[in-house]
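What follows draws every value from the coordinates through simple rules; no lab data is involved. Bear in mind the structure is a predicted one, so any value in this text is a computation, not a measurement. So basically every Cβ, Gly included, is an ideal-geometry build from the backbone, and we count neighbours across all protein chains shown.
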Amino acid sequence: MSAVQRLPMMAGTLSVGASLAAIAGVPSLRHRVAHLLSGRITGKMLWLLAAAFALLNVKNLPFVWHWRVFKGLIYQIFLQKHERTPKDLFAPMITSSFNTPYDCDYNLHKSNSTYFADLDVSRAHYMGSVIRTGLQRLNAGDEEGLPAEVCAAKGKYYVALGAIGCFFHREIAPLQRFEVYTRILSWDRKWMYLVSHVVKKGAIKPDSYILQPWKKGKGVGEKKKSDEEDLKKHVFATSIARYVVKKGRLTVNPEIILERSRLLPKRPAGVGLPPRTEDSVVPTPATDGTPATDGAVKGPEQIAAEVSSKLGNGEMINGEVDEDEDWTWDHMETERLRGLKMASHFDKLSGIHDEIRAGEVLGQYSDWF
């Protein structure tokens, strides 16, 4: 959620806190309130109430969102000691939070608009772990094997958020704690897709922690039990987001950043460095079609059909392979195409950009007076 959207929420939190502080600080008001409450509440108690209210809603205070996001990026990029490997390319990362009273709407559960702030934090941690090595190498000049137009482009490499959507499944009660599981879903020639699941705190027990090996995962018995459990019943909401990699104003194939981050398996002979050719990659889904090498235009329906034909009967679940089996390019590509089959439907919704209408309207109103 943008800072502008959060202003009413932050202003309300500060207003209530300031009001309680003002009552505690002005003797006449303090005495009046104390008289109305039969002298049971003192100025010190009002100060404590104001502090407690601020602590309960600390996520909504000014610049706290910025701290949470930049803390995640800084930690994953500069302070994380352990490196990711190709085998954990599709593994999720978990962030934790709770539903503050000010996050609640008139139905006394988490408001739909407040999910996006928590999703921002989770994606900041995850994207930090993805780009930490790749961006550093690319911006340091490691561009060997990249297309000439990429090398010739001016500017620094960076990653930007392009779109986000959210599906709400179950309510989150006031003060209820929750976790956000974020991982890469897929990528195509233009977009890198991330999926996030907001789940009940502690409902899902990880097998192990790749970047935090000192944390204890669940035992074999618990793993077998959870494999038989329907994890969907713990999900409060599901979100999908897409990111684009840029060098200045030039859009760069996201596989470049993944390759430079050492997150891809060994590339087979005959498969060139990214961006891959049209013959070996599913084109970027787009409502206005994507040009192919033969001059034809492929829309979302054709893309979905091509993904299905490439998948065949070799679908994988959550990118899992046998523990004794190496994570190969074929494993990665199968999971990428499986995720892209879902992501192409989300990308098709970009066509609503053309649905804006002018002319006759119903009215125009202010949200204040």
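Along the Cα→Cβ direction, 7 angstrom out, place labels at Val64 and Lys81. What is the inter-label distance in nm?
3.1 nm
Just want the ordering: Asp367, Asp103, Asp88, Asp330, from fewest to most Cβ atoms lying within 10 Å of their own Cβ. Provide the component values of the computation, followed by the final result.
Working: Asp367 5, Asp103 23, Asp88 17, Asp330 11.
Starting with the residue having the fewest Cβ neighbours, the order is Asp367, Asp330, Asp88, Asp103.
Please sort by residue number the GluC sites (Glu not before Pro) in region 131-195 whose DSSP state is loop and whose Cβ has at most 15 other Cβ atoms within 10 Å. Could you put the intermediate results ahead of the total?
Details: sites: Glu143, Glu144, Glu149, Glu171, Glu179; in loops: Glu143, Glu144, Glu171.
When the GluC sites (Glu not before Pro) of region 131-195 are filtered for loop state and at most 15 Cβ neighbours within 10 Å, Glu144, Glu171 remain.
Based on other C-beta atoms within 10 Å, arrange Trp191, Trp329, Trp368, Trp67 from fewest to most.
Fewest to most other Cβ atoms nearby, the residues stand as Trp368, Trp67, Trp329, Trp191.
Before anything else, pin down the relative contact order of region 81-170: Cα pairs under 8 Å, at least 6 apart, normalised by residue count, whole percent.
Here the relative contact order equals 23 percent.
Where a Cα-Cα gap under 17 Å defines reach, which lysines qualify for Lys266, not counting those fewer than 8 residues away within the same chain?
The qualifying lysines are Lys87.
Suppose the chain between Asp330 and Met45 were pulled fully straight at 0.36 nm per residue; how much longer would it get relative to their current alpha carbon spacing? It would help to have the intermediate numbers written out before the result.
Numbers: separation 285, 0.36 × 285 = 102.60 nm, distance 6.44 nm.
Between Asp330 and Met45, full extension yields an extra 96.2 nm.
Trypsin sites (Lys or Arg not before Pro), restricted to region 111-211: which are DSSP loop and have at most 15 other Cβ atoms within 10 Å? Spell out each step's value before the answer.
Details: sites: Arg123, Arg132, Arg137, Lys154, Lys156, Arg170, Arg177, Arg183, Arg189, Lys190, Lys200, Lys201; in loops: Lys154, Lys156, Arg170, Arg189, Lys190, Lys201.
Within region 111-211, the qualifying trypsin sites (Lys or Arg not before Pro) (loop, at most 15 other Cβ atoms within 10 Å) are Lys154, Lys156, Arg170, Lys201.
For the cross-link pairs Lys110/Lys205; Lys59/Lys216; Lys110/Lys341; Lys190/Lys341; Lys59/Lys232, which exceed 20 Å when the distance is taken from alpha carbon to alpha carbon? Don't skip to the answer; put the middle values down first.
Details: Lys110/Lys205 24 Å; Lys59/Lys216 29 Å; Lys110/Lys341 31 Å; Lys190/Lys341 15 Å; Lys59/Lys232 27 Å.
With Cα atoms farther than 20 Å apart: Lys110/Lys205; Lys59/Lys216; Lys110/Lys341; Lys59/Lys232.
Based on the Cβ-Cβ distance from Phe167 to Asp142, what FRET efficiency comes out when R0 is 51 Å, to the nearest 0.05? Present the calculation step by step, with values, prior to reporting the outcome.
On the way: r = 39 Å, r/R0 = 0.76.
Calculated value: 0.85.
How much length, in nm to one decimal, is gained on full extension between Lys266 and Lys201, taken as 0.36 nm per residue of separation minus their Cα-Cα distance?
Numbers: separation 65, 0.36 × 65 = 23.40 nm, distance 3.67 nm.
Full extension of this stretch gives 19.7 nm more.
Rounded to the nearest 0.05, what FRET efficiency is calculated for Leu55 and Trp214 with R0 set to 25 Å and r the Cβ-Cβ distance?
Here the calculated transfer efficiency is 0.25.
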